Amino acid sequence: MSGKVVIPGGHKVPALGIGTWMMGERPEARQAETESVRLGVELGLRLVDTAEMYGEGACERFLGEALAGLRDKVFLVSKVYPHNASRAGVVSACERSLRRLKTDHLDLYLLHWRGSVPLAETIIGFEHLKTQGKIRDWGVSNFDTDDMNELYETPGGDGCATNQVLYNLTRRGPEWDLLPWLQEHEIPLMAYSPIERGRLKSTGVLADIAAKHAARPYQIALAWALRMPGNIVIPKASRPEHMRENAGARDIVLDADDFAALDAAFPPPARKRALEML
């Protein structure tokens, strides 16, 4: 059963949260998406992740409405475009996100991926936002091991609170060196697309283990992603019934036989792989 993860800085966050990529972009889906997000918060999946890139602000605007009356219960995460991540640009981008999200602060603000702006500039911008009370912590996304090393060699870089990367049963590359690096530095890995946007095969091993635990195959994939203390996992669920299934993954305890079967079907990396992105 997953619980809480303590991020650098001391804040406790749920190990299982909510991803929102592509939410808020289809009017016909808005009611179900709103109900799903609100149910997730009610069920304790109180870390909600978004980005200014998602629908060019549409997702943030959607969440500003969907989370009405719930802001004080939510650990809210957003991300800044690399081209907006200059010293002054990151401040302006954050202020735009805050307006769309109808809040006065973000709990965590991430650099979405590496760009041409020097990391030192972005860090200065992040730290300025912290002093203003507009963000509580900052981190990065889609940073491989060499990026993390460079970050830590940059003044203030050790203030990083998380690294959000693509990680699931079919994308296990981070286990080679990135995940050990993060564990050594006590930085949580935040796994996005933990069920590969619904493209994981729900037959075979996943189905067999799901039957054993009276669960659904994707719940097994989530339980696997949650297996390591310190991992944060942010699946998306556009419908309430899907959100309820995601929440149920917290109660699944996989055993040694399950892990062996999953390793056989989805082998861990045997060499360094470049970090993948979606």
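The values are calculated or read from the model by the stated rules, or taken from the named source; none is laboratory data. Fair warning: this is a prediction, and the values are worked out from it, not measured in the lab. Quick reminder, even Gly has a Cβ in these numbers, built from the backbone with ideal geometry, and neighbours come from all protein chains shown.
Selection of first residues in the range 113-132 that are crowded, with 16+ Cβ neighbours inside 10 Å and of second residues that are modelled with pLDDT of 95 or more and of a type in the set (Lys, Arg), restricted to Cβ pairs under 8 Å at least 6 apart or on distinct chains, gives the following pairs, ordered by first then second residue: Glu121/Arg87; Thr122/Arg87; Ile124/Arg87; Gly125/Arg87; His128/Arg87; Lys130/Arg136. Does Arg71 satisfy the criteria of being closer than 22 Å to Lys130 by Cβ and surrounded by fewer than 19 Cβ atoms within 10 Å (Cβ to Cβ)? Considered against the rule, which asks whether it is closer than 22 Å to Lys130 by Cβ and surrounded by fewer than 19 Cβ atoms within 10 Å (Cβ to Cβ), Arg71 comes out as yes.
Note on the range 228-243: residues that are over 26 Å from Ala256 (Cα atoms) and surrounded by 15 or more Cβ atoms within 10 Å (Cβ to Cβ) total 6. Among residues of the range 133-159 that are modelled with pLDDT of 95 or more, those with a beta-carbon under 6 Å from a residue that is assigned to a helix (DSSP H, G or I) and among the β-branched types (Val, Ile, Thr) at least six positions away or on a different chain give the pairs Gly156/Ile123.
Checked against (1) touching a strand residue (DSSP E or B) at 6+ places or on another chain (Cβ under 9 Å); (2) of a type outside the set (Asp, Glu); (3) over 25 Å from Gly24 (Cα atoms), Leu106 meets all criteria but (3).
Under the condition of being out of contact with any strand residue (DSSP E or B) (no Cβ under 9 Å at 6 or more places or on another chain) and closer than 30 Å to Asp258 by Cβ, which residue from the range 133-170 is surrounded by the most Cβ atoms within 10 Å (Cβ to Cβ)?
Step one: of the range 133-170, the residues out of contact with any strand residue (DSSP E or B) (no Cβ under 9 Å at 6 or more places or on another chain) are 133, 145-146, 149-150, 153-158, 169-170.
Remaining after also requiring closer than 30 Å to Asp258 by Cβ: 145, 169-170.
Details: Thr145: 18, Leu169: 21, Thr170: 16.
Once the filter is applied, the top-ranked residue is Leu169.
Filtering the range 248-274 to residues that are at pLDDT 95 or above and in contact with a helix residue (DSSP H, G or I) (Cβ under 7 Å, 6 or more places away or on another chain) leaves Gly248, Ala249, Ile252, Leu254, Asp258, Ala261, Leu262, Ala265, Pro268, Pro269.
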